[in-house]
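Asker: Got a structure for you, written out below as structure tokens; questions coming shortly.
Read-outs throughout are calculated quantities, based only on the coordinates presented, and are distinct from any laboratory measurement. Since the model is a prediction, treat every value here as computed from it, not as a measurement. Neighbour counts are summed over all protein chains in view; Cβ atoms, including those assigned to glycine, are modelled from backbone coordinates with ideal geometry.
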Amino acid sequence: MPDTLHIAELFPDCVATACRPIGQSAIDLFPQEQELIKKAVDKRRSEFAAGRACAREALCAIGFAPMPILQNDARAPLWPDGTLGAISHSHTWAGAAVTRSPDLSGIGLDIETIKRVNLDIARMVLTQQETDFYAALPDAEKKQYLALVFSAKEAVYKCLSPVSAIRIGFKDAIVQQTDGHTFEVFMSGRIADALPACACMTGRFFLHEGSVFTGIVLGA
Ligand SMILES: CC(C)(COP(=O)(O)OP(=O)(O)OC[C@H]1O[C@@H](n2cnc3c(N)ncnc32)[C@H](O)[C@@H]1OP(=O)(O)O)[C@@H](O)C(=O)NCCC(=O)NCCS
């Protein structure tokens, strides 16, 4: 497996990214970060460390020296003042995306291993419109579709977390694949009324060796 993966295509140019496989090399954490995972199992330690390494690499690309990246009460990463970002890890990959652009107010990144997505989550994740589309798909295509929609909604959740005080649920977003690398997200009236900028957003995705990678940003 390569020691990095290029995920910049998921975002506009003002976003710096990094992506690396989990568990392939030793990663130093700051003591404050080690404290956050002191009770975690090895798998969680590895994914956390790989995510932090990606975050530091991406922050370095926009001018920040290595620093601890702690978390808020909702477990979202605490980025340096004036920056925004997101971290994700799948079974295999960890990635991070950050920006200091004043043109953005949210960033979402998500990575899912397609074969690990359980079809049983369809009822929890899909709206009625998505369920109708899903039901009409050939069985062989169902898992990839569900993985994409699930990943897109996880990315949306992270993207809106800095700006939305309202709890957002899976049924608050309808995801429609537009072409082979973009999707649109239509938020429910409940969310769009509170946050008009997110009523309709466009995200990007790609598939790589059995994983789906999704990225989305919210304008300022
Ligand atoms: C928070 C959540 C999005 C994490 O996603 P996940 O697929 O389980 O895990 P990922 O590996 O992709 O992401 C984990 C990272 O997300 C980040 N994260 C955790 N909570 C977060 C939050 N509230 N806001 C933003 N980022 C968060 C962290 O960086 C975490 O990694 P770390 O603990 O190593 O720092 C998920 O647990 C969740 O709550 N999902 C609900 C999504 C939802 O309701 N969507 C509907 C919107 S349409």
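Asker: Among the lysines, which fall within straight-line cross-link reach of LYS153, defined as a Cα-Cα distance under 23 Å, with same-chain neighbours fewer than 8 residues apart omitted?
Answerer: In chain and number order, the partners are LYS115, LYS142, LYS143, LYS171.
Asker: Still on this model: Can you list the equivalent-ellipsoid semi-axes of the chain, largest first and in whole Å, using the square root of 5 times each Cα gyration tensor eigenvalue?
Answerer: After diagonalising the Cα gyration tensor, the semi-axes are 27, 21, 16 Å.
Asker: Ok, one more. What share of all Cα pairs of the stretch 138-195, in percent, falls into each consecutive 5 Å distance bin?
Answerer: 4, 17, 27, 24, 14, 8, 4, 2
Asker: Viscosity 0.692 mPa s, temperature 37 °C: Stokes-Einstein D of the stretch 16-57 from its Kirkwood Cα radius, in µm² per second?
Answerer: Values: Rh = 10.5 Å.
D, rounded to a whole number, is 311 µm²/s.
Asker: Run the numbers for LEU78 and THR131: contour at 0.36 nm per residue of separation, minus the present Cα-Cα distance, in nm. Show your work: numbers first, answer last.
Answerer: Numbers: separation 53, 0.36 × 53 = 19.08 nm, distance 3.53 nm.
Answer, rounded to one decimal: 15.5 nm.
Asker: In a solvent-free Debye calculation with one equal scatterer on each Cα, what is log10 I(q)/I(0) for the stretch 8-102 at q = 0.13, 0.14, 0.16 Å⁻¹, listed in the order of the q values?
Answerer: -0.40, -0.47, -0.61
Asker: Run the numbers for ALA61 and ALA220: contour at 0.36 nm per residue of separation, minus the present Cα-Cα distance, in nm.
Answerer: Between ALA61 and ALA220, full extension yields an extra 55.1 nm.
Asker: Expressed in nm to one decimal, what extension gain is obtained for the pair ASP3 and THR182 from 0.36 nm per residue of sequence separation less their Cα-Cα distance? All intermediate terms of the calculation are to be shown ahead of the outcome.
Answerer: Details: separation 179, 0.36 × 179 = 64.44 nm, distance 2.59 nm.
Gain on extension, ASP3 to THR182, equals 61.8 nm.
Asker: What share of Cα pairs, in percent, lie more than 25 angstrom apart in the stretch 110-219?
Answerer: 15 percent
Asker: Still on this model: Please provide three numbers in whole Å: the alpha-carbon extents of the stretch 52-164 along the principal axes, with the largest listed first.
Answerer: Per principal axis, max minus min of the Cα coordinates gives 49, 29, 25 Å.
Asker: So how far apart, in nm, are the two label points at ARG45 and ARG123 if each is 7 Å from Cα heading toward Cβ?
Answerer: Using points 7 Å along Cα→Cβ, the separation is 3.8 nm.
Asker: Post the alpha-carbon centroid distance, the stretch 143-191 to the stretch 45-82, in whole angstrom.
Answerer: Between the Cα centres of the stretch 143-191 and the stretch 45-82 lies a distance of 23 Å.
Asker: I need the helices of the chain that pass two filters: whole DSSP H segments spanning 24 Å or more by Cα along the axis, and mean Kyte-Doolittle score no lower than 1.0. Present the calculation step by step, with values, prior to reporting the outcome.
Answerer: Details: long enough: 42-61 (29 Å, -0.56); 139-160 (32 Å, -0.03).
Answer set is empty.
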